Every structure is written in structure tokens, then in C-alpha cells.
Amino acid sequence: MPNQDKPVISSLLDTDLYKFTMWQALLHRHPQTQVEYRFVCRNQPQFPLTDLLAEVNAELDALCRLRFAPDELDYIGSLRFMKSDFIDFLRLFQFQRAFIEARADGDSLSIVAQGPQVHVMGFEIFVLAIVNELYFRRFDHDAAIAEGRRRLDAKIARVQALARDAKLRHPFEMFDFGVRRRFSGPWQREVVQAFAERTPQWFKGTSNVLLARDLGLVPIGTMAHEYLQTYQALGVRLRDFQKYALEDWVQEYRGDLGIALTDTVGMDAFLADFDLYFAKLFDGLRHDSGDPYTWGEKALAHYQRLRIDAHTKRFVFSDGLNVDSALALYHHFGDRVQLGFGIGTQLTNDMGLEQLNIVMKIVRANGQPVAKISDSPGKTICDDETFLAYLRQVFSIPEPTTAPEA
């Protein structure tokens, strides 16, 4: 049984790498930005999440007492793309409890983080990991772990079977992207360690900075939607927000962290902005919504039009993958482009229990609404229909045929 006296989060490294990479870029370029992030559960939980409210608040109290330890700062500072002044900022950093509130809204759990972006953007992954772990503590732990281990062994066997397949031009490479919706912190560690030890030829890293450090793995991650969405409210022409965001990224990292996220306002609108300049500067693209095969073919055609050799580029797939869907995509694209597969919930919370579909997304910046118009209608995020309609008009995005989820 888990130790329920120990906080869910005991280290500020226990989060995704891209939180640090976005954090540094925004601290250097737009430190004054004020934002609002909101928690949303997109599916129906087995019991009201408000049942967890007291525990969530206790965990947030504990989170806001944490500081970065010297050895943690040393590790972040050892990553060549992290700058010394950002490490100095982290040395002083502490989450402020006044910037986050958890309360009941009927049967729904409301969690809102508001304040300077450089002080609240880090809450997201921790909040999701906290809610998820507290929720699954209410189920039979031993039965879940037993089933999880059975499924883990089957996944590892599927990956190991690649050794018997005919070789494609580019290797299969997978990563753990499972912090936010994991069954628990200890279970994520067990899963990542098992893949690292038993499939080292194919398992190439984890987004979890703490596990990367502890297990000697490569930390994986570049940018998320919140980075690009923030630029919708930074005073640039709305039509140009993606280009400004990508340009700032290039100037911040100068060749490192070169995977661009494509679906903040859909793949077609992204490719219209992703001209020869950006296509040469970025190492590749990340897929996070819409049909992955259609997306990949569009990306390959785009590189071909620009006369760029796709074999020099990488596609990272990260939308609701499991091992089987990752392998299917690999066999489709593996002779044409370098590939990586970030598997999240289906790696770290495949326990035979119904998973929570929870997110915590930026909804406002500098008092203005911001939006993600995903290639999957159910993943569209915005609480202002007027702004959403305007954004669709600016980027010539048709209305979805199915209504977005809340």
C-alpha cells in the first residue's frame, strides 16, 4: 500500500522537462505576463472529485513549502540549454499558496491558478499528478498493481519483438510522457525503470526530470500549447502569434530543443507559418491531436515542397498513444523520417481501471482570453466563444462538425 502520510510531490523536479524549458524562455522574454490556468475533468469520474478537496488542499499546502535542493539545481544546471540566471531564479523560487485555489463547484472540483506566469505556470503538472494519485488511492491498490505489472510485461514483450522484425531505415524510439495522469509516483518509477532496463535499445528517455536524473536517462521535452497560446495576448498581431513564439524559441535556444508543436490552431494554420526559415531551424514536429497518419503525410508533403530531406527531420507522436499504436505508426513512417513516440497515460496508468481525462490549461493572459483550436474537436480549450470565433476567422479554421467538450 502507498505511504499516505508522505506528500504526493516531494521534489520540484518531479515534473515534465518542458515546464522548465518554457519557464526559462518566458522568464527571459515576457516575465511580466499575468495568467489564469483552470483545471478540467473531461470525463465522468467514478465518484465526485470534490470528495478529494480536503486532501488536494493539503497537498497544495505541502507543494508550496517545497524549494529546489542544491543537488536538484546542479542537475538542471548541467543541461546545456539551461542558463545560469534561470538557475539563480530557481534557487529563490517557491510556489505561493495565494496564487492557487481549490474549491467545490457543485460536484465538480474547481482548481484555478492566477498570477504572474513565471510563478503559476509550474502548478499544472503537479496539480494533475496530485489529483490523479489521490483519486486512485480510493481503489484496490494491490489488485491494480498486479494488473499493471501484467500489462507492463506484455508491453515490454511487444517492444522486444522488434528485434525479430525487418529493419526500417530509422529506429523505433519511445519515451515516457506519463507524469500528469500516472497511477502514482512510485508506479511511474517502476514502469520507467523496467523499460529502461529491459528495452534499452528502444526506450530513450522520460519527460520526468526527477526520474531522468535518478535513473540516468535523457530528459525529453520542448514546448507545450501554453507557450504558444501566451503569445496570443502579448500585443503582437494575432495572425502572427505562432511566428513570434517560434522566433523567440529559436533565439532562446539557438539550435537546442528543436521540436515544434503544431496544433495550437491546427496543423494547416501551423504549416502556413512554418516556412523555409523555421523548417530549416527546427529539427522536427510534434503531433498531439487529429489523425496522426494524415498529420504525418501533410508534414512530409510540406518538407517536400520546401525541398528539405525528411530523413534529416524527426516526428514526435504524443497523442493518446499506446505501444501498439506507436508501433503501427512506426511501421508506416519508419522508412521516411526519424521518429519518436511519447507514451503517457497508457504507460503509467494502464491498471485495468478507468482513467481520468484531466487537464489544467491556460485560459487567460494579460486579461485576454487565449485558446487552443485542436485538430481533435474535443481537445479545444477556451472559455470565451467570441474570441474563439475570432481566432477561427483569423486563421480560416472551419467550425467543428461536433461540439467541443467542456
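The condition of being among the aromatic types (Phe, Trp, Tyr) and touching a Pro at 6+ places or on another chain (Cβ under 8 Å) holds for only one of 395, 387, that being 387.
For segment 259-294, residues that are open to solvent by less than 10 Å² (accessible area, probe 1.4 Å) and within 19 Å of the chain's Cα centre (by Cα) total 14.
Can you give me the number of residues within segment 134-156 that are over 23 Å from residue 216 (Cα atoms) and open to solvent by 10 Å² or more (accessible area, probe 1.4 Å)? Steps first, please.
From segment 134-156, those over 23 Å from residue 216 (Cα atoms) are 134-148, 150-151, 154; that's our starting set.
Checking the rest, the ones that are also open to solvent by 10 Å² or more (accessible area, probe 1.4 Å) come to 137-143, 145-147, 150-151, 154.
Residues in segment 134-156 being over 23 Å from residue 216 (Cα atoms) and open to solvent by 10 Å² or more (accessible area, probe 1.4 Å): 13 in total.
Identification of helices (runs of 4 or more DSSP H) wholly contained in segment 50-124 with 2 or more residues that are closer than 29 Å to residue 257 by Cβ and modelled with pLDDT of 95 or more yields 70-78, 84-92, 117-120. When segment 137-159 is filtered for residues that are part of a helix (DSSP H, G or I) and either of a type in the set (Lys, Arg) or in contact with a Lys or Arg (Cβ under 7 Å, 6 or more places away or on another chain) (or both), the ones remaining, listed by number, are 149, 150, 151, 155, 156, 158.
Conditions (1) within 18 Å of the chain's Cα centre (by Cα); (2) assigned to a loop (DSSP other than H, G, I, E, B); (3) within 22 Å of residue 196 (Cα to Cα); (4) hydrophobic (A, V, I, L, M, F, W, C), marked per residue:
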| position | (1), (2), (3), (4) |
| --- | --- |
| 316 | yes, no, yes, yes |
| 321 | yes, yes, yes, yes |
| 326 | yes, no, yes, yes |
| 330 | no, no, yes, no |
| 339 | yes, no, yes, yes |
| 359 | yes, no, no, yes |
| 363 | yes, no, no, yes |
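For the structure I just gave you, tell me whether residue 45 is within 16 Å of residue 131 (Cα to Cα), assigned to a loop (DSSP other than H, G, I, E, B) and touching a residue at least 60 places away in the same chain (Cβ under 8 Å). For residue 45, the condition - within 16 Å of residue 131 (Cα to Cα), assigned to a loop (DSSP other than H, G, I, E, B) and touching a residue at least 60 places away in the same chain (Cβ under 8 Å) - is met.
For residue 399, the conditions (1) open to solvent by less than 50 Å² (accessible area, probe 1.4 Å); (2) within 21 Å of residue 292 (Cα to Cα) all hold with the exception of (1).
The values are calculated or read from the model by the stated rules, or taken from the named source; none is laboratory data. Remember, predicted model here, so these are calculated numbers, not experimental data. Methodologically, a virtual Cβ is constructed for each residue, glycine included, from the backbone with ideal geometry; neighbour enumeration extends over all protein chains shown. Surface accessibility is based on the protein's heavy atoms, side chains included, excluding ligands, DNA and RNA. Shrake-Rupley method; radii C 1.70, N 1.55, O 1.52, S 1.80 Å.
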